[in-house]
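> Could you have a look at this structure, given as structure tokens, before my questions?
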Amino acid sequence: MLDLKSGRVWFLYAGLTLEVPESGKYAGYLIALKSIRSVLAARIFRYWLLDPDGKDVGEIGGDAFDSSAVAVFKRERN
């Protein structure tokens, strides 16, 4: 992530996608498809809500193949 004001750069998360809601309660937060730890050998990706600094707020749910939980989250929080 790059802070345009300070020029500071830092790593947010290991994942695939990132979306920034523009309105509603979580405007400016991040919706991320993150790689999460698993006891299995496979990689698992889940949708998470991150605060503007990249800290975990909570799991939204759904996996990389089902974004319906994200759609419900955005509809209910907007």
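> Evaluate the following for A64: is it more than 9 Å from the chain's Cα centre (by Cα), hydrophobic (A, V, I, L, M, F, W, C) and surrounded by 14 or more Cβ atoms within 10 Å (Cβ to Cβ)?
Against the criterion (more than 9 Å from the chain's Cα centre (by Cα), hydrophobic (A, V, I, L, M, F, W, C) and surrounded by 14 or more Cβ atoms within 10 Å (Cβ to Cβ)), A64 qualifies.
> Would you pick out the residues in segment 8-34 that are part of a loop (DSSP other than H, G, I, E, B) and among the β-branched types (V, I, T)?
V20
> Any residue that is hydroxyl-bearing (S, T, Y), surrounded by 12 or more Cβ atoms within 10 Å (Cβ to Cβ) and outside any loop (DSSP other than H, G, I, E, B) - is there at least one of those in segment 35-45?
Among the residues of segment 35-45, at least one is hydroxyl-bearing (S, T, Y), surrounded by 12 or more Cβ atoms within 10 Å (Cβ to Cβ) and outside any loop (DSSP other than H, G, I, E, B), which makes the answer yes.
> Going through segment 48-78 one residue at a time, which ones are within 24 Å of D3 (Cβ to Cβ) and either touching a residue at least 24 places away in the same chain (Cβ under 8 Å) or of a type in the set (F, W, Y) (or both)?
W48, L49, L50, P52, G54, V57
> Among the residues in segment 24-40, are any over 10 Å from the mean Cα position of the chain (by Cα), touching a residue at least 40 places away in the same chain (Cβ under 8 Å) and farther than 17 Å from R75 by Cα?
No, because not a single residue in segment 24-40 is over 10 Å from the mean Cα position of the chain (by Cα), touching a residue at least 40 places away in the same chain (Cβ under 8 Å) and farther than 17 Å from R75 by Cα.
Values in this text are rule-based calculations from the coordinates and carry no lab data. None of these values were measured; they are calculated from a predicted model. Positions of Cβ are backbone-derived with ideal geometry, glycine not excepted, and every protein chain shown enters the neighbour counts.
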